[in-house]
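The values are calculated or read from the model by the stated rules, or taken from the named source; none is laboratory data. Given the structure is predicted, the values throughout are model-derived calculations rather than measurements. Ideal geometry is used to build each Cβ from the backbone, glycine not excepted, and the neighbour counts take in all protein chains shown.
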Amino acid sequence: MVKITTPITREWVAAVERAACMLKRGYQATRVGDGVYQVRSASQPDTIHTIRIRNVGQLDATCDCPHGRHEGAKGHCWHKASALCQETRRVSRPPLSGEEIERRMARFART
């Protein structure tokens with residue numbers, strides 16, 4: 001379970017909304033390592049942006065996109081929001097054990 005301790009501002013809501021729109025278009029952050037995600041740029045198809053999550057509960061992450069590198073930029077890039085959403089989803093749903101999978105699948109067994 002993840003506890004978000006930082007205030008959810010309008011800027012975060014806007015970034016998550018942009019990330020959701022980009023997801024519908026096929027752009028989604030992909031986990032490539034511990035706390036590291038990559039996502040393809042929408043404006044430069046040959047560019048991959050890297051997001052490094054420092055603390056998911058504080059929504060603390062960096063992105064190497066132009067907006068993410070701009071000191072004092074207003075708001076948050078959608079790449080960062082996408083990665084934080086994916087990380088939150090990943091850590092909030094721990095992998096099921098083989099035993100638990102079998103138990104859940106048993107209800108579909110033909111008798």
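Within the range 37-56, being surrounded by fewer than 16 Cβ atoms within 10 Å (Cβ to Cβ) and among the β-branched types (Val, Ile, Thr) holds for 47, 48.
Within the range 42-97, the residues that satisfy the criterion of being basic (Lys, Arg) and either out of contact with any Gly (no Cβ under 7 Å at 6 or more places or on another chain) or farther than 18 Å from residue 14 by Cα (or both) are 52, 54, 69, 74, 89, 90, 93. Pairing residues of the range 84-108 that are part of a helix (DSSP H, G or I) with residues that are modelled with pLDDT under 85, at Cβ distances under 9 Å and at least 6 apart in sequence or on separate chains, gives 87/2; 88/2; 91/1; 91/2; 92/1; 92/2; 104/96. Number of residues in the range 58-80 that are touching a strand residue (DSSP E or B) at 6+ places or on another chain (Cβ under 9 Å) and part of a helix (DSSP H, G or I): the value is 5. Selection over the range 41-78 of residues that are out of contact with any helix residue (DSSP H, G or I) (no Cβ under 7 Å at 6 or more places or on another chain) and either closer than 17 Å to residue 26 by Cα or polar (S, T, N, Q) (or both) gives a count of 10. Among the residues of the range 18-57, those identified as under 20 Å from residue 6 (Cβ atoms), over 12 Å from the mean Cα position of the chain (by Cα) and not in a strand (DSSP E or B) are 18, 57.
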